[in-house]
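Have a look at the structure below, then the notes.
Just so it is clear, none of the values below were taken in a lab; they were calculated from the coordinates. Everything quoted here is computed from the prediction, not taken from an experiment. FYI the Cβ positions are ideal-geometry reconstructions off the backbone, even for glycines, and counts take in every protein chain you see.
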Amino acid sequence: MLLIDILCYMKKFRDVHVFSWGERRMEFHSMLKFCGHECVTGNYNWNGLKRGAPNFILWQHTVAGEGALVYEGRKYRLSTGESMLIHIPHDHIYFLPDDSPSWEFKFV
């Protein structure tokens, strides 16, 4: 049995990989909880103060299309090849802009 099998299990929901560590707390400085690949269309909007699980970091890299991020009052376009690194909770919003038909990205 591999060490990773003992410590956690990974399940896949859509293209999101979820690492479940169970009840046991491990004293790591950081742990991977989610990673995946998505292509969103239509209504896609996340508020950094309403994400649920507190105190985590999100890295999201644009593969195709374009998204937008409003961070500390400034709006940024996230085009192919660009990434964002944000802390949650924080007062920010990232979304699919009206003029972008889709936003494809990988995230950790």
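If you take all other residues with their beta carbon under 13 Å from the beta carbon of His92, and give Lys and Arg +1 and Asp and Glu -1, the sum is +2. Charge tally around Trp103: other residues with Cβ under 9 Å, Lys/Arg +1 each, Asp/Glu -1 each, net -3. Under the combined filter of DSSP loop state and at most 12 neighbouring Cβ atoms within 10 Å, the range 54-108 retains these GluC sites (Glu not before Pro): Glu72. Based on the reciprocal of the average 1/r between different C-alpha atoms, the Kirkwood radius for the range 63-108 equals 11.1 Å. All other residues with a Cβ under 13 Å from the Cβ of Glu82 taken together, and with Lys, Arg as +1 and Asp, Glu as -1, what is their net charge? Around Glu82, the surrounding residues sum to 0. Evaluating 6.51 cos²θ - 1.76 cosθ + 1.60 at θ = phi - 60° for every residue in the range 75-92, the Karplus couplings come out as 9, 10, 8, 10, 9, 3, x, 9, 10, 10, 10, 10, 9, 10, x, 6, 7, 8 Hz, glycine and proline recorded as x.
Subtracting the Cα-Cα distance of Leu49 and Ile93 from 0.36 nm times their residue separation leaves 15.0 nm of extension gain.
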